[in-house]
Amino acid sequence: MLKKWDTNRKITALVYGAIFLIIFLCNFLTPYLVDDFNYRLSFATKEPLESVWEIIPSMAAHAQSMNGRLTAHSLVQLFMLMPRIVFDLVNSGMFCLLIWLITGYASKERSNLLAIAAFCAIWLYEPAFGEVNLWQDGAINYMWSTVVMLIYLKPFVRLYLDGNSGLDNAAAKLGFLIFSALAGSYSETSSAAAVFIAFLLVGISAWDAGWKINWYAAISVAVAAVGYLTIYMAPAQWVNKSTELSFKTLLNHFETATQMYTTFGILAAAAVVFLVVNLSELAEKKTILLGMVFAAGSLAANYIMIFAGYYPERSAAGAFVLLLTVLAIWVSPILKAGSWRTAVVSAMAVMMLATFPALVSGVKDVATTYLRITENERLIYACRDQGIVHVEVPMISPNTKYSALYGAKYLDMEDRYSWPNDSMSVYYGVESILGVPRVAEEP
């Protein structure tokens, strides 16, 4: 009975429909925040963007002043030209696609149980959930980077498992080469991991084939690597993102990266258990090795941050998603035939139960943040209509990681002309905005 429900397409539609609605609700309740106001402006002229063509000079200036993540930020500015509801809909679809991709690496036969478990794991354990999945600038840079990464790796996984990448005609091969360059240029962390994993898969595929290298696959990896290097060709990348490469600094950053990985260490522990079970249950060698390759990519996405100036929680998205994909790959044989199946299904059920209160409190915090921002917007507009051009609004401090504002800077409380106050004042049509302490509310 469970297997019938697990593969039922109508239930699959219900599962993904429910996930879409939850994320869409949270997206709808997440207005523009922090850097979003900046990206509504051209970095070249500091004026609001009015056309797609203005994105090109804007990104050229962005490379000089911000960083080299131009592919992702071009998309950010593209969506800034559209009504916010468009992003809400597309982003909710991208979140569902992420779960579809993660579970797709487990088996060709879709599992509804695995899809629900993947959603629960993301909701419970992903660091900075709101920044990664709901904040417009953050979602395009971080969550979307993991979607691009998993799409990019599909042909390499198929090459390893089936001996054929599935790219059988010239148009598909040319299109994938272009996509490889874009995928490589998307993110410092997820793109690095994608190139690393693809390189390993090309290598072990050649090893399996008696050291016959698939040269198209190898060229695709090289193209992605070149795309990745373009991030670091931007002058601002070295100024704003790099760090001193002293032994002491790297050691401290190694410790920070290790601590970051432990924030979702429960997934790493589960991966070790699944690996041991697969080895004891004699799962296919390729399944075990594929999971190990993805685990290596997860570690690479995490520890590449030792070379960065700082390691915000949102930058762990690539490492987290790859580790979750490892679990999906290794849990599939257990769910099919292993003697540990009952224990694993029971653990998934417990995780689902734990997700419900976290879901309620998370959505509540997202909604509370939305209401407080809306109150501040009404105050700003009222002041503007009265001719008051220097506005003060109360600060907002969310309680959970599900609010995109959690851990982020809502407003500066000292300099009304600093970031993000300056770009926010342009958006609301006033001369300046300053954050002030919130008066304690009556109990």
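Residue under question is Asp365, and the condition is that it be touching a helix residue (DSSP H, G or I) at 6+ places or on another chain (Cβ under 6 Å), among the acidic types (Asp, Glu) and surrounded by 14 or more Cβ atoms within 10 Å (Cβ to Cβ); does it hold? Against the criterion (touching a helix residue (DSSP H, G or I) at 6+ places or on another chain (Cβ under 6 Å), among the acidic types (Asp, Glu) and surrounded by 14 or more Cβ atoms within 10 Å (Cβ to Cβ)), Asp365 does not qualify. Total residues in region 281-291 satisfying the condition of being open to solvent by 80 Å² or more (accessible area, probe 1.4 Å) and assigned to a helix (DSSP H, G or I): the figure is 1. Of all residues in region 322-352, those that are closer than 24 Å to Met292 by Cβ, open to solvent by 50 Å² or more (accessible area, probe 1.4 Å) and in a helix (DSSP H, G or I) total 5. Quick check on region 81-95: of everything there that is open to solvent by 20 Å² or more (accessible area, probe 1.4 Å) and of a type outside the set (A, V, I, L, M), which residue is farthest from Ile19 (Cα to Cα)? Among those that are open to solvent by 20 Å² or more (accessible area, probe 1.4 Å) and of a type outside the set (A, V, I, L, M), it is Pro83.
Which residue out of Arg438, Arg378, Arg372, Arg384 is part of a loop (DSSP other than H, G, I, E, B) and either of a type outside the set (Gly, Ala, Ser) or out of contact with any strand residue (DSSP E or B) (no Cβ under 8 Å at 6 or more places or on another chain) (or both)?
Exactly one of Arg438, Arg378, Arg372, Arg384 is part of a loop (DSSP other than H, G, I, E, B) and either of a type outside the set (Gly, Ala, Ser) or out of contact with any strand residue (DSSP E or B) (no Cβ under 8 Å at 6 or more places or on another chain) (or both), namely Arg438.
Checking each residue in region 145-166 for being of a type in the set (A, V, I, L, M, F, W, C) and open to solvent by 30 Å² or more (accessible area, probe 1.4 Å) picks out Ile151, Leu161.
Residues that are open to solvent by less than 50 Å² (accessible area, probe 1.4 Å) and either over 14 Å from the mean Cα position of the chain (by Cα) or more than 17 Å from Leu323 (Cβ to Cβ) (or both) within region 96-117 comprise Cys96, Thr103, Gly104, Tyr105, Ala106, Ser107, Ser111, Asn112, Leu113, Leu114, Ala115, Ala117, listed in sequence order. For region 313-321, state whether one or more residues are farther than 23 Å from Ala115 by Cα, at pLDDT 90 or above and open to solvent by less than 20 Å² (accessible area, probe 1.4 Å). Yes: one or more hits. Can you work out which of the residues in region 11-51 that are among the β-branched types (Val, Ile, Thr) and in a helix (DSSP H, G or I) is farthest from Met80 (Cα to Cα)? The qualifying residue farthest from Met80 (Cα to Cα) is Ile11.
Could you tell me whether region 135-144 includes any residue that is of a type in the set (Val, Ile, Thr), out of contact with any Asp or Glu (no Cβ under 9 Å at 6 or more places or on another chain), open to solvent by less than 10 Å² (accessible area, probe 1.4 Å) and assigned to a helix (DSSP H, G or I)? Please lay out each step first, then the result.
Narrowing region 135-144 to residues of a type in the set (Val, Ile, Thr): 140.
Now restrict to residues that are out of contact with any Asp or Glu (no Cβ under 9 Å at 6 or more places or on another chain): 140.
Checking which are open to solvent by less than 10 Å² (accessible area, probe 1.4 Å) leaves us with 140.
Filter again for assigned to a helix (DSSP H, G or I), leaving 140.
For region 135-144, residues of a type in the set (Val, Ile, Thr), out of contact with any Asp or Glu (no Cβ under 9 Å at 6 or more places or on another chain), open to solvent by less than 10 Å² (accessible area, probe 1.4 Å) and assigned to a helix (DSSP H, G or I): present.
Just one of (1) under 22 Å from Phe196 (Cβ atoms); (2) touching a Pro at 6+ places or on another chain (Cβ under 7 Å) fails for Leu299. It is (2).
Looking only at region 52-80, count how many residues are assigned to a loop (DSSP other than H, G, I, E, B) and either open to solvent by less than 40 Å² (accessible area, probe 1.4 Å) or touching an Asp or Glu at 6+ places or on another chain (Cβ under 8 Å) (or both). Talk me through it step by step, then tell me what you get.
Filtering region 52-80 down to residues assigned to a loop (DSSP other than H, G, I, E, B) leaves 66-69.
If we keep only those that are either open to solvent by less than 40 Å² (accessible area, probe 1.4 Å) or touching an Asp or Glu at 6+ places or on another chain (Cβ under 8 Å) (or both) as well, we get 67-69.
The number of residues fulfilling the criteria is 3.
Mind counting the residues in region 40-50 that are open to solvent by 20 Å² or more (accessible area, probe 1.4 Å), under 10 Å from Gln77 (Cα atoms) and among the hydroxyl-bearing types (Ser, Thr, Tyr)? Of the residues in that region, 0 qualify. The residue that is most open to solvent (accessible area, probe 1.4 Å), among those in region 1-17 that are over 20 Å from the mean Cα position of the chain (by Cα) and either among the hydroxyl-bearing types (Ser, Thr, Tyr) or under 30 Å from Ala367 (Cβ atoms) (or both), is Leu14. Among the residues of region 353-369, is any modelled with pLDDT of 95 or more, assigned to a helix (DSSP H, G or I) and of a type in the set (D, E, K, R)? Yes.
Only one of these is acidic (Asp, Glu) and at pLDDT 95 or above: Asp35, Asp88. Name it.
Numbers: Asp35 fails: at pLDDT 95 or above.
Step by step, each of Asp35, Asp88 is checked, and only Asp88 is acidic (Asp, Glu) and at pLDDT 95 or above.
Of the residues in region 160-180, how many are of a type in the set (Ser, Thr, Tyr) and in contact with a Pro (Cβ under 7 Å, 6 or more places away or on another chain)? Residues that pass the stated criteria total 1. Checking each residue in region 358-411 for being under 20 Å from Val439 (Cα atoms), among the basic types (Lys, Arg) and in contact (Cβ under 8 Å) with a residue 40 or more places away in the chain picks out only Lys409. The set of residues from region 44-85 being in contact (Cβ under 8 Å) with a residue 40 or more places away in the chain, aliphatic (A, V, I, L, M) and within 23 Å of Ile231 (Cα to Cα) comprises Ala63, Met66, Leu70, Ala72, Leu75, Val76, Met80.
The values are calculated or read from the model by the stated rules, or taken from the named source; none is laboratory data. For clarity, every value in this text was computed on a predicted model and none was experimentally measured. All Cβ positions, glycine included, derive from the backbone under ideal geometry; neighbour counts span all protein chains shown. SASA here: full protein model, heavy atoms, side chains in, ligands and nucleic acids out. Shrake-Rupley method; radii C 1.70, N 1.55, O 1.52, S 1.80 Å.
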